[in-house]
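Every number here is computed from the coordinates shown, using simple stated rules; none is lab data. None of these values were measured; they are calculated from a predicted model. Because the Cβ atoms are built from the backbone with ideal geometry, glycine has one as well, and the counts that use them run over all protein chains shown.
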Amino acid sequence: MSFFVDSVIMFTSQVLFFGFGWLFFMRQLFKDYEVRQYVVQVVFSVTFAFSCTMFELLIFEILGVLSSTSRYFHWKLNLYVILLVLIFVVPFYIGYFVVSNIRLLQRQKLLFSCVVWFTFMYFFWKLGDPFPILSPKHGILSIEQLISRVGVIGVTLMALLSGFGAVNCPYTYMSYFLRNVTESDILALERRLLQTIDMIISKKKRIGATRRMMYLRGEDQNKQTGFWGMIKSVTSYPPGSENLSLIQQEVDALEELSRQLFLETVDLHATKERIEYSKTFQGKYFNFLGYFFSIYCVWKICMATINIVFDRVGKTDPVTRGIEITVNYLGIQFDVKFWSQHISFILVGIIIVTSIRGLLITLTKFFYAISSSKSSNVIVLVLAQIMGMYFVSSVLLMRMSMPLEYRTIVTEVLGELQFSFYHRWFDVIFLVSALSSILFLYLAHKQAPEKNMTI
């Protein structure tokens, strides 16, 4: 009876997660598109539901909710379903919708979709060869074979996003990095933009007037033919006519300049608004957060470097280790085990909520940036693939943030993976991503004033 009640709780929560994923799909991702393929919506919602269920099981593990046998069963069921979706269902449908957009392959969509899926499986399987992610005793069809490869892709993605976010967050929040933009700078740029638009309009009027004059004179109907006629039409112009190709080139150059000026004007307005916002109480709060995250970024880069150089992986979760150091330093009586459990629960909860929220925001921005009516289904499936791999890898890495007694069942479910490799790999990719982001933002910030001065 206990197992039945536990299963009802788990399946009810999965239905709620599925409904939230369905609403997010309809209200955010596809609010500007007509939903024609409900299978895409179902696959996305199922991936979201089982991804969130893994985080739910992590919290249940710390709180001791449900019986241990029920948790173990649902861990296994959840992992098998999410791996089935990520490795078999989503790649097949990505290939199917890609092939559906190619007219030449319309008659053999199923065949070419299978070819795309087999190609994905080949590269997915070869991905595990260079990495020491498995114990030699694992069979070719074991669950460890699949989780290990999904983990490599997901950890790489997490490290890239974390490295960029750790650098971009203080750069975005801190008012120190804002350019000094005045109202006169904006007015001067807008004046030049209007002048450029006036020049485009006048040149297009000249083109229209010239074409009308040529039409009235019958030049379009009585052009000379042959080689010499073509040479003459290029090198000489009748009285009152102009070189239309030359004027059109000037118009194209001015239109490109107007686009650049418009983007720069929008950028200056946004910077001016950020300067005004930074003077408010909320702006000062985010400015403080920017300094805090900049310190965290430096600390994280230093720790990643130390871990890589000395090949170091933590044995104790950060919460327990931090409490032990504090208690030993202050010399007070403190129940480390009791408080580490509760603080770990809060920490894991914060990580889960911020991970889900941050990833959904990122996916929404990415979808709006590159989607179209034809590619939207493929992009949603790719985002579902990224989301699933991201969350599976989060469980791999969050295992280290849990006290030792709560890692046991997670380790049993995931199998005998080389967990230390994933932490080292995360540190390497994080360091590369953070340093590359620092270089990119430095060059962008250094170039911005120069661009302003030339305008």
Inset, instruction - Report the one residue of ALA159, SER148, LEU187 whose Cα lies farthest in the direction of the positive end of the charge dipole of region 146-199 (charges on C-beta: Lys and Arg +1, Asp and Glu -1; origin at the Cα centre). - result: SER148
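As an exercise, use a Förster radius of 45 Å and the Cβ-Cβ distance of ASN180 and LYS204 to find the FRET efficiency, rounded to the nearest 0.05.
Efficiency computed from Cβ-Cβ geometry: 0.75.
Taking R0 as 35 Å, what's the FRET efficiency between TRP299 and LEU194 from their Cβ-Cβ distance, rounded to 0.05?
0.10
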Legend entry - Cβ-Cβ FRET estimate between ARG217 and TYR277, R0 fixed at 56 Å, reported to 0.05: 0.40
Inset, instruction - Treat every Asp and Glu Cβ in region 15-122 as -1 and every Lys and Arg Cβ as +1, leave all other atoms uncharged, and give the resulting dipole magnitude about the Cα centre to the nearest 20 debye. - result: 360 debye
Legend entry - Dipole of region 56-158, positive direction: furthest Cα of TRP75, PHE120, GLN108, with charges on the beta-carbon: GLN108
Inset, instruction - Would you mind computing, in nm to one decimal, how far apart the modelled labels at ILE306 and LYS126 are, each placed 7 Å from Cα along Cα→Cβ? - result: 4.0 nm
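At 0.36 nm per residue, and after removing the present C-alpha to C-alpha distance, how many nm does the segment from LEU244 to SER375 gain when stretched out fully?
The span from LEU244 to SER375 would gain 43.3 nm if fully extended.
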Legend entry - Full-extension gain in nm, VAL266 to GLU412, via 0.36 nm per residue minus C-alpha separation: 47.2 nm
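Express in nm, to one decimal, how much length is gained between VAL65 and ALA444 on full extension, taking 0.36 nm for each residue of separation and deducting their alpha carbon distance.
Contour length minus Cα-Cα distance gives 131.5 nm.
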Legend entry - Karplus 3J(HN,Hα) series, Hz, for region 178-188 with 6.51 cos²θ - 1.76 cosθ + 1.60 (x for Gly, Pro): 6, 6, 7, 10, 10, 5, 5, 4, 5, 5, 5
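Would you mind checking the pairs LYS76/LYS126; LYS76/LYS365; LYS284/LYS446; LYS76/LYS300 and listing those with alpha carbons more than 27 angstrom apart?
LYS76/LYS365; LYS76/LYS300
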